[in-house]
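Trainee: Structure incoming, see below.
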Amino acid sequence: MPKTDDPLSLLPLRPLEFSILVALAEDDRYGYDIVKRIAERSGGSVRLAPGNLYQVLDRMIEGGLIEAKRRRDRGDERRRYYGITALGRRAARAEAARLDELLHTARGLEMLPPVRGRP
Amino acid sequence: MSQAGGQGGAPAPSRIVRLLFSVLLRLQPRVFREAHGEELIAFYHDAWRDQVAGKGTRRVVRVVAELTVDALRSGLARRMTRRDAVGQQGSDERKEPFVESWVQDVRWSLRSLVKRPGFVLIVILTLALGVGANTAVFGVLNAVLLTPLPYPESDRLVRIYQSDRAVGGAESYLTQPALVDLRANGRTLDVGILYTYREEGADLTQGAYPERVRQLRVSAGYFDVLRAQPLWGRVFRQDEETADARVVVISRRIEARYFGGGNAAVGGTLSVDGLARTVVGVLPDDFEDPLAGVIDVWLPLPLRTSGHEEWEWDNHYLSAIGRLRPGSTRAAAQRELDEFTRRQSEAHPVSAEGRMALVVPLQEDLFGRSATMLFVLMAAVALLLLIACVNVASLFLARGAARNSELALRVALGSSRSRLIRLLLSESLVLALAGGAVGVLLALLTADVLASLAPAQLRLRGAALDLRILGFSLLVSLLSGMLFGTAPALQFTRPGLSNALRDGGRTGAAGRAEGRARSVLVVVEFSLALVLLTGAGILLKSFDRLRQVPLNIRTHNVMTFEVHLPEARYEDAGLRAQFHASFVRRLGEMPGVRAVGATSRLPVTGRYHSWGTRPALSMNEVDRSVPFVSADQRTVEGAYFETLRMPLLRGRVFDAQDHVGAPPRAVISEAAATALFGDGDPIGRYLVSAGQFRQVIGVVADVPVTARGDIAPIVYHSHTQFADNRNWPLVYVVATNGSTPGQLASARRELAALDPELVLYDPRPLSEVVGRGVAQERFAMVLLSCFAALAVLLATIGIYGVLAYSVSRRRPEIGIRMALGARTSGIQRMIVGQGARLAGMGIILGLAGAFALARSLSALVFEVSTTDFGVYLASATLLLLVALAASALPAFAATRVNPVETIRT
């Protein structure tokens, strides 16, 4: 992932990366915590394996979306925490907006049932 | 700050699990380990605590499998990606989400496999053989060695022996005063005493017909040692350990049969061997005695706590098991036993002579001797599985030619090498799991056969599929998949695949390389097959030697069964003698019966009733110049020696003159004659055993006491004269002409005519009784031979495949040769020579492995050297012949090549 300051040039984000950014937007997390959160949010349908996880995390660090944190964990000091960067937050917001736009269009084309009370 | 997964109460993973994590980490390349090693370990720990702790074995297996597969896949992919850094720029950057692509791979695999049902069938069958054999043997191993005994805290149960250094071996039985002393005063052990010297039966006569059941005499503390809880009632009290106590503990089975279920049994009466006993307790059906197996009635063992006579300190007839008390260790118990032995032998020198008490963990005592055999069998099936995997890998390589174009296309469209590898591996895993499933099915189906073949001491009960076995099969299947899938996967995704698009495949470099790879695999197969074949050959030879041990008796067409006269109705010795004499006469009059006899113990069933025997100077004076000889005592009735065709060497056997009023006489074996009287003629001389003086009237040939041919001195007594000494049940031997049907039923009728309440117990042919002694060796031999046969079959298929492929690849070359005048015999020699070379290389390579396996068999073999040249030569020759035979068809096909056709194309 090439390094850039413009979040829009990173779109569309891969679904997995987006999920990770959302998880980290709530809070700094370590590896297993990220996997668990994503599984919870997707209702168990997205299950990240460790082999894949760290590869994706490395790529996102390279792209400046997240960063590794210096944080001591009381439970297990081998855990490494990851946190979202400012760029990452902007990219996540941009992606969310893009997805929202897509959904809006889809609703307009009656691909999805309309949500009551929302334009 | 939120935290995923509580650390609070969840236990840390065990040492084995932590070791697993380290192993999984090691699968990743060094660069990755340096960057993420620590946190990956932390990940595994978190996943373990979150998903596994407190859940069942199924969950454990699943999580371990998932993590392992992921580590293998990602580690492999990382290494591949690193290696082909060049040319990766155009590769797939947009990696799909992990889960979706995996499912896609599996779907693709299934689609492509369905198109080739023949290939799939062969692969699954081959794998099923390998995995099935492994599962079956592991099932036995699991039941015998890995499953703890079915008693609470069974690891604290021990067996107590006495070993007699003077005789040079372990003599298992202990004396009553020694055990009673240990039970009362020992601090480290709770002791349970039981009588297993002879397998005891009891006649129950309350039902519609008399029934003989297994009986066991035990001390009061015996059930407590095993923590056996009665369903109803209680177990024996110490004050009931007398010969007069008329109590009995029964099994649920007996309770249901005679008391109709429910609590009614306790307090009721059961007639056991003609004596009315009060039922005090009922034990559940799943209780099994560790030494005696399935028992139906327990009686109290008569024990005195004091007032023992001196000779009782030398009367070995009891067995003992113990439970370590809380805080005691085996070492402490052993020390205490040594102390007891020292003290007892000081006070009672007759019990000394270098005896030393041993404590052995009960599970090891029961099954330790089988451990070697089981491990050898496990190694053998592992080799078989290896051969199966090699065969399948070869099949994959063969199929690869058709694949090349498809894979090359994928590369051209942007698939990375690691992605391709993942694809091919998923196909391998699908096949491996399918093969594994069929294999487990095969193992289940053959489990009963296996149990019937197995020696009785293993106590196998047939199919029992527990989670550990399933987990093992799963692991084995996955490993196989990885094993046979990796090599082809690496081979097919080599750079330069796009060239394969242009290449016809068969004649180019790709084809040659594939041929070479398959040849290597065949060589490996043959080397492994040699190892198994040699092992089987050695066991076969050893078993043959065992069977040739001269038993000196007739075993063919001899029926045996036991008749026991209950004390209650046959207290008078004269009555017993008369009964047996009558029964022998009646049996002899049955049509088709050649000769009838009876004995207190059959030959070749071990040492039994061994009493100290000495020569005597007359009928009342012992010859103290000759030391005691331990001689087995037997009583015989009827034409015992003639029935078994035991040669009479000197003097005569018992006849009508040896009646009750006559002087007591004995017939002795050759070994007894030599031990007691040296080279002199024993006829007319005297001997004494356990206070009984006898005159020797005859010498018969030795008959082994074990299937391995061990000889012991034997003294035979006439039952008529011996009946007032002991009431030993007699085992009848009936020699028949083998062609008259229904003789067993006739025998039962004759018995019922004499006394309808007696039971004709445990009828078996003598050949089967003798055969029991070699059950363990037979088991190992049969199984190993099956594995060797399968291995040879697989190797044959392998070499055939390689040669057939080679012939098809060399068609143009062969055509040219023939056009240039080569004779068909020359072409055939070329092909057959190729096959012989491959087999030869495999054989030479396999020799080292064959030596190693053979050495591990040394504990199981009889009179065969593990470096027996004949066996190695025979195995090598067999494999060579097999290779030549497999070459025949391809060689013939080679000569059918039409030179004109091949040159034209």
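The values are calculated or read from the model by the stated rules, or taken from the named source; none is laboratory data. As the structure is a prediction and not an experimental result, all values here were calculated from the model. Counting neighbours? That spans all protein chains shown, and the Cβs are built from the backbone with ideal geometry, glycine included. The protein model used for the area step is the full one, side chains on, heavy atoms only, and it has no ligands, DNA or RNA in it. Shrake-Rupley method; radii C 1.70, N 1.55, O 1.52, S 1.80 Å.
Trainee: About its Cα centre, what dipole magnitude does region B:293-364 give when the only charges are +1 on Lys and Arg Cβ and -1 on Asp and Glu Cβ, stated in debye to the nearest 20?
Mentor: Value, rounded to 20: 400 debye.
Trainee: Which whole-angstrom value gives the distance between the alpha carbon centres of region B:818-894 and region B:605-629?
Mentor: Between the Cα centre of region B:818-894 and that of region B:605-629, the gap is 59 Å.
Trainee: Hey, got the dipole for region B:206-363? About the Cα centre, +1 on K and R Cβ, -1 on D and E Cβ, debye to the nearest 20?
Mentor: The dipole magnitude comes to about 500 debye.
Trainee: For region B:645-804, give me the percentage of DSSP beta bridges that are antiparallel, rounded to the nearest 5 percent.
Mentor: Of all bridge pairs located within region B:645-804, approximately 65 percent are antiparallel.
Trainee: While we're here: Find the relative contact order for chain B and round it to a whole percent, using C-alpha pairs within less than 8 Å whose residues are 6+ positions apart.
Mentor: The normalised contact order for chain B reaches 14 percent.
Trainee: Near the amide H of B:Glu200, under 5 Å away, which other amide H atoms are found, from residues 5 or more places off or on another chain, if H is placed in the peptide plane?
Mentor: Long-range HN contacts for B:Glu200: B:Gln215.
Trainee: Still on this model: Which helices pass in chain B if a helix is a full DSSP H run, must span at least 20 angstrom along its long axis by Cα, and must have mean Kyte-Doolittle hydropathy not below 0.5?
Mentor: What comes out of the filter, once short or polar helices are dropped, is B:117-141, B:362-412, B:417-453, B:467-492, B:509-548, B:775-809, B:824-856, B:869-895.
Trainee: If you put +1 on each Lys and Arg Cβ and -1 on each Asp and Glu Cβ, how big is the dipole of chain B around its Cα centre, in Debye rounded to 20?
Mentor: So the magnitude is around 5200 debye.
Trainee: Taking Rh as the Kirkwood radius computed over C-alpha pairs, what is the Stokes-Einstein D of chain A at 20 °C in a medium of viscosity 1.002 mPa s, expressed in µm² per second?
Mentor: 138 µm²/s
Trainee: Of A:Pro50, B:Ile250, B:Leu19, which is farthest on the positive side of the dipole of the protein assembly as shown, counting Cα position, with +1 on Lys and Arg Cβ, -1 on Asp and Glu Cβ, and the Cα centre as origin?
Mentor: Checked the options; the winner is A:Pro50.
Trainee: Using square roots of five times the C-alpha gyration tensor eigenvalues, list the equivalent-ellipsoid semi-axes of the protein assembly as shown in whole Å, biggest first.
Mentor: In descending order, the three semi-axes are 71, 41, 25 Å.
Trainee: Right, another one. Once you list every other residue whose beta carbon is under 14 Å from the beta carbon of B:Ser370, what net charge do they have if Lys and Arg are +1 and Asp and Glu are -1?
Mentor: Once all neighbours under 14 Å are counted, the net charge is 0.
Trainee: As I understand it, the dipole of the protein assembly as shown uses +1 on the Cβ of Lys and Arg and -1 on the Cβ of Asp and Glu, about the Cα centre. Which of B:Ala573, B:Leu174, B:Asn315 lies farthest toward its positive end?
Mentor: It is B:Leu174, whose Cα lies furthest towards the positive end.
Trainee: Could you tell me the ratio Rg/Rh of region B:764-845? Both radii from Cα atoms, Rh via Kirkwood.
Mentor: 1.35
Trainee: For chain B, what is the accessible area per residue in Å² when the probe is 1.4 Å?
Mentor: 44 Å²
Trainee: Given the options B:Leu878, B:Ala723, B:Ala666, identify the residue whose Cα lies farthest towards the positive end of the charge dipole of chain B (+1 on Cβ of Lys, Arg; -1 on Cβ of Asp, Glu).
Mentor: B:Leu878
Trainee: Something else now. Count the DSSP beta bridges whose two residues both fall in chain B, then state the antiparallel fraction as a percent rounded to the nearest 5.
Mentor: Rounded to the nearest five, the antiparallel share is 80 percent.
Trainee: A follow-up question, please. Could you pull out every one of the aspartates and glutamates with an alpha carbon less than 18 Å from that of B:Lys55, ignoring same-chain neighbours closer than 8 positions?
Mentor: B:Asp46, B:Glu66, B:Asp466
Trainee: Keeping every protein chain present and rolling a 1.4 Å probe, give me the accessible area per residue for chain A in Å².
Mentor: Per-residue value: 57 Å².
Trainee: Could I ask something else about it? Counting only other residues whose beta carbon sits under 14 Å from that of B:Leu760, what net charge do I get with K and R as +1, D and E as -1?
Mentor: -2
Trainee: Taking only the alpha-carbon positions of chain B and ignoring solvent, what does the Debye formula give for the base-10 log of I(q)/I(0) at q = 0.05, 0.06, 0.07, 0.10 Å⁻¹?
Mentor: Listed by q, the Debye log ratios stand at -0.44, -0.61, -0.78, -1.21.
Trainee: Could I ask something else about it? How large, in percent, is the carbon and sulfur part of the accessible surface of region B:755-833 at a probe radius of 1.4 Å?
Mentor: Looking at region B:755-833 in its full context, I get 59 percent from C and S.
Trainee: Where does helix A:15-26 land angle-wise versus the long Cα axis of chain A, in degrees 0 to 90, nearest 10?
Mentor: 70 degrees
Trainee: Rounded to a whole number, what % of the accessible area of region B:572-662 do carbon and sulfur atoms account for, probe 1.4 Å?
Mentor: Accessible surface attributable to carbon and sulfur in region B:572-662 totals 52 percent.
Trainee: Within the protein assembly as shown, what percent of beta bridges assigned by DSSP are antiparallel, to the nearest 5?
Mentor: Restricted to the protein assembly as shown, the bridges split so that about 80 percent are antiparallel.
Trainee: Something else about it: Carbon and sulfur together cover what percent of the accessible area of chain A at a 1.4 Å probe radius?
Mentor: 52 percent
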